[in-house]
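Enquirer: The structure under discussion is supplied below as structure tokens; questions concerning it will follow.
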Amino acid sequence: MIKLDAKIPEGQMADKWTNYIDHAKLVNPSNKRKLDVIIVGTGLAGAAAAASMAEMGYEVKNFCYQDSPRRAHSIAAQGGINAAKNYPNDGDSVYRLFYDTVKGGDYRAREANVYRLAEVSNSIIDQCVAQGIPFAREYGGLLDNRSFGGAQVSRTFYARGQTGQQLLLGAYSALSRQVKTGKVKLYTRRDMLDIVKIDGRARGIIVRNLVTGEIEKHSGHAVVLATGGYGNVFYLSTNAMGSNGSPAWQAYKRGAAFANPCFVQIHPTCIPVHGDFQSKLTLMSESLRNDGRIWVPKNKEDSIKIQKGEMKPIDISEDNRDYYLERRYPAFGNLVPRDVASRAAKERCDAGFGVGNTGLAVYLDFSEAIGRLGKSVVEARYGNLFQMYEKIVDDNPYETPMMIYPAIHYTMGGLWVDYNLMTTVPGLYALGEANFSDHGANRLGASALMQGLADGYFVIPYTIADYLSDQIHVPRFTGDEPEFVQVEKEVKDRMNKLMNIKGSQSVDSFHKRLGHIMWENVGMGRNTDGLNTALTEIPKLREEFWRDVRITGNIEEYNPELEKAGRVADFLELGELMARDALNRNESCGGHFREESQTEEGEAKRNDEDFAYVAAWEYKGDDVEPELHKEHLNFEAIELVQRNYK
Amino acid sequence: MDLTLKIWRQANAQAKGKMVDYKVTNISPDSSFFEMLDMLNQELIEKGEDPVAFDHDCREGICGTCSLYINGRPHGPDSGITTCQLHMRKFKNGDTISIEPWRAKAFPIIKDLIVNRGGFDEIIQAGGYVSIKTGGVPDANAIAIPKYDADMAMDAASCIGCGACVATCKNASAMLFVAAKVAQFAYLPQGKVEAKQRVQRMVATMDELGFGNCSNTYACEQECPKEISVSNIAKMNREFLSAKLCGQKDEA
């Protein structure tokens, strides 16, 4: 039975982290050499943590499924990274960054963690510049900032449209330096398949070498998961093809509580789905909404003609266009937050006003901006995005409006962690997107990079010492202890079971069907009926999967079908927990919109009285309902108000 | 669209490989090249055959995982993009398309179209960093950097480490990859104190790993999906010469 204890330090909000550091336990340098730390994942959080802890003297083993740590999906982040530097002198502060993040998350994040995030944000920028990351600069040679959704100040640092790439390459370079010194042992092309506990503590992992198919046992005094989010449960998302929820899911099944699984971010400006064969959705930077105007036809007949290809958007006169965001939200217009913009697009398309051959798209129109600013200004601002759009869609956005539609982008939910970033399993930590702690029910733009690096560079190196200081007398594990042998056997049995099904349907076909159930019922708008449908359909599909999936090839070889099968098997369980969590949370907050909980005008209605808590689910067995634990959120520094963008 | 594919099949590193013909039909011109291969693999799985293994991950041109040599060109016939950004509308109905892995001694084949590019990681490990630890660094605005230099560093830093430069080079040289990292730091004040060791170590590692030399054909720049300029190679050569001329020994 899990007992949630967030371990929030005493004191005023602004003093908590300083107090924590002042009194935290330490491990002396000669003892650090005796301690092994396993880190899974080499994205911003994983690479930063591995490099930092190796520099401090721990022996680190770092794992990734990609062929190189540099390819982790943090690399795809475009926009930027927030920090409270206040370089533009526009009134920013640590408190304001903290406040914006808690409010942006619709008051479902833990205040103390968010405050610490805002507090260390400035050190991240210093660190990255010292590493030689080529951030954008002004002519005076100092760093440039830009504004981003959900904030009234300019606090976003950026490196062209490739900020995630540059930050990841910075962390990768620090990691590479430690690999050279021998303090980090790097294991690429490895899938983490399970966690090994000894006497209740996390002591190692079981991985599969994706090249040889060999199952390997790796041991350590602590295990850190920095394995990203689970957006691919929807099949189509902006995540990389290999992004998966399996490490977090295995942790859950070994006793780590899973928090707020239903909190998923749906990004409004993605390129629409174009066919059944589609494998992946592409994000277009949110900055497009600064100048683009979003609309659909006012008359359904026009929409139908456009869907059939009998009419073009330029044939529709100004009077017959519905700029629905400007109509519904005159104060914020096209710049409402991501969740609001996404739902409004879905509402129009569901009502039959969508465009494109599927009817699942809306226009993002730059003709007004081109008229006002001139084509050259628009090109300077968005040229690379327009080019990317044209490569994919084969349409020129300078002449005809872009088509966009919302897509799954980020998961705010994840493994429950305390202030130390430790899960409910002693010695097991979760960082970055893999944990739940900082973004509440909705993440603001440019905050994912901030959290990944904060956790990796500046939080876990301190907080893990608090645990490891007790472990200095624990001798190194060999990986041959009976607990390792037992879990290894379970992993092999599961793999054999999968291979022996020899059914008739491919792994991808199951993944697509799961994605469809999730998108229809646990997507942008959720209601009791839909969620109950998901709760019936997913177990049925899971049963069919375990009866009829076909996996080609063998275990002892490079076998991408087997890799995917393991991940999809986990998604088929995780999806059900998401639906269960969404059903339990009968309120609308952030990215989670319950149709039963809305105002008369159709806006989200939060219910602080009944739902100001973190829903942390405990695994109770394969055929047993999980148990819900509640961590009540106390707001000391910020007053709760209903978000309003009218 | 209906197409004939000639694909390199090789069961593992030790096995002997060969080109195998496949037919695909009813391909939408709007699908991506990988979605076309996904459909081929779906058919192969249904027939109980081994699907074609190829590297891919982000499918939006930034992770650098994908690596196909299509009709004799890395990342295919379009320029300035990776294979995952290539769309079938660049081909014609009835075309025959040959698909091979990267070919270079330093990139051994793992299976089918997948190669091992671990050599790139080793080159970075040899010196592709500023030797600082986490924490204890100056304020980010303590160092002013001319915008021009920052932009040039960013141009070089946009390398995604895909290996197209090596694959297209008749010498299988990694000069553009190494130069992109060396030049990024050469434009910036950070890490200047170790510039001479950096370039020597990275070049020495590149040579040890069996990458070839540069003979100035500029094919690398032509095929680079991020259009990284060969002027970075000139920049690296200057760094290298100056390190040698100064007679600075690598002491660490």
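The values are calculated or read from the model by the stated rules, or taken from the named source; none is laboratory data. Keep in mind that what you see is a predicted model, and the values were worked out from it rather than measured. Cβ atoms come from the backbone with ideal geometry, glycine included; neighbour counts cover every protein chain shown.
Enquirer: Return the residue satisfying two criteria in turn: it lies in region B:186-229 and is of a type in the set (Gly, Ala, Ser) and at positive phi, and of such residues it is modelled with the lowest pLDDT.
Expert: B:GLY191
Enquirer: Since A:VAL233 meets every condition but one in (1) in a helix (DSSP H, G or I); (2) within 24 Å of A:LEU281 (Cα to Cα); (3) in contact with a Ser or Thr (Cβ under 8 Å, 6 or more places away or on another chain), which condition does it not meet?
Expert: It is condition (3) that A:VAL233 fails.
Enquirer: Name the single residue that is nearest to the other protein chains (Cβ to nearest Cβ) among those in region A:299-316 being surrounded by 19 or more Cβ atoms within 10 Å (Cβ to Cβ) and either among the small types (Gly, Ala, Ser) or not in a helix (DSSP H, G or I) (or both).
Expert: Only one residue tops the list, namely A:SER303.
Enquirer: Would you please name the residue that is farthest from the other protein chains (Cβ to nearest Cβ), looking only at residues in region B:1-50 that are out of contact with any strand residue (DSSP E or B) (no Cβ under 9 Å at 6 or more places or on another chain) and either polar (S, T, N, Q) or assigned to a loop (DSSP other than H, G, I, E, B) (or both)?
Expert: Only one residue tops the list, namely B:LYS16.
Enquirer: Checking the structure you have, find out if any residue of region B:180-198 is more than 12 Å from chain A (Cβ to nearest Cβ) and of a type in the set (Asp, Glu).
Expert: Within region B:180-198, none of the residues are more than 12 Å from chain A (Cβ to nearest Cβ) and of a type in the set (Asp, Glu).
Enquirer: Within the bounds of region A:45-66, is there any residue that is under 18 Å from the mean Cα position of the chain (by Cα), within 30 Å of A:SER147 (Cβ to Cβ) and in a strand (DSSP E or B)?
Expert: no
Enquirer: Could you figure out which of (1) over 30 Å from A:ALA240 (Cβ atoms); (2) touching a residue at least 60 places away in the same chain (Cβ under 8 Å) isn't true of A:ILE271?
Expert: (1)
Okay, residues lined up against (1) in contact with a helix residue (DSSP H, G or I) (Cβ under 6 Å, 6 or more places away or on another chain); (2) in contact (Cβ under 8 Å) with a residue 12 or more places away in the chain; (3) surrounded by fewer than 22 Cβ atoms within 10 Å (Cβ to Cβ):
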| site | (1), (2), (3) |
| --- | --- |
| B:ASP2 | no, yes, yes |
| B:GLN10 | no, yes, yes |
| B:ASP21 | no, yes, yes |
| B:ASP30 | no, yes, yes |
| B:GLU46 | no, no, yes |
| B:ALA106 | yes, yes, no |
| B:ILE109 | no, yes, yes |
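Enquirer: Pick from A:TYR158, A:TYR139, A:TYR187: which is of a type in the set (Ser, Thr, Tyr) and facing another protein chain (nearest Cβ under 7 Å)?
Expert: Of A:TYR158, A:TYR139, A:TYR187, the one residue that is of a type in the set (Ser, Thr, Tyr) and facing another protein chain (nearest Cβ under 7 Å) is A:TYR139.
Enquirer: Let me ask another. Quick one: A:ALA341 ticks every box in (1) more than 28 Å from A:LEU444 (Cα to Cα); (2) at pLDDT below 95; (3) of a type in the set (Gly, Ala, Ser) bar one, so which box is it?
Expert: Of (1) more than 28 Å from A:LEU444 (Cα to Cα); (2) at pLDDT below 95; (3) of a type in the set (Gly, Ala, Ser), only one is false for A:ALA341: (1).
Enquirer: Of all residues in region A:351-374, count the ones that are out of contact with any Lys or Arg (no Cβ under 9 Å at 6 or more places or on another chain) and in a helix (DSSP H, G or I).
Expert: Count: 3.
Enquirer: Is there a residue in region A:577-593 that is in contact (Cβ under 8 Å) with a residue 24 or more places away in the chain, charged (D, E, K, R), away from chain B (no Cβ under 14 Å) and surrounded by fewer than 20 Cβ atoms within 10 Å (Cβ to Cβ)?
Expert: No; the residues of region A:577-593 include none that is in contact (Cβ under 8 Å) with a residue 24 or more places away in the chain, charged (D, E, K, R), away from chain B (no Cβ under 14 Å) and surrounded by fewer than 20 Cβ atoms within 10 Å (Cβ to Cβ).
Enquirer: Using the structure shown, decide if A:VAL425 is in contact with a helix residue (DSSP H, G or I) (Cβ under 9 Å, 6 or more places away or on another chain), modelled with pLDDT of 95 or more, surrounded by 24 or more Cβ atoms within 10 Å (Cβ to Cβ) and assigned to a loop (DSSP other than H, G, I, E, B).
Expert: For A:VAL425, the condition - in contact with a helix residue (DSSP H, G or I) (Cβ under 9 Å, 6 or more places away or on another chain), modelled with pLDDT of 95 or more, surrounded by 24 or more Cβ atoms within 10 Å (Cβ to Cβ) and assigned to a loop (DSSP other than H, G, I, E, B) - is not met.
Enquirer: Please find, within region B:84-112, the residue that is farthest from the other protein chains (Cβ to nearest Cβ) out of those that are closer than 17 Å to B:ALA172 by Cα and in contact with a strand residue (DSSP E or B) (Cβ under 6 Å, 6 or more places away or on another chain).
Expert: B:GLU100
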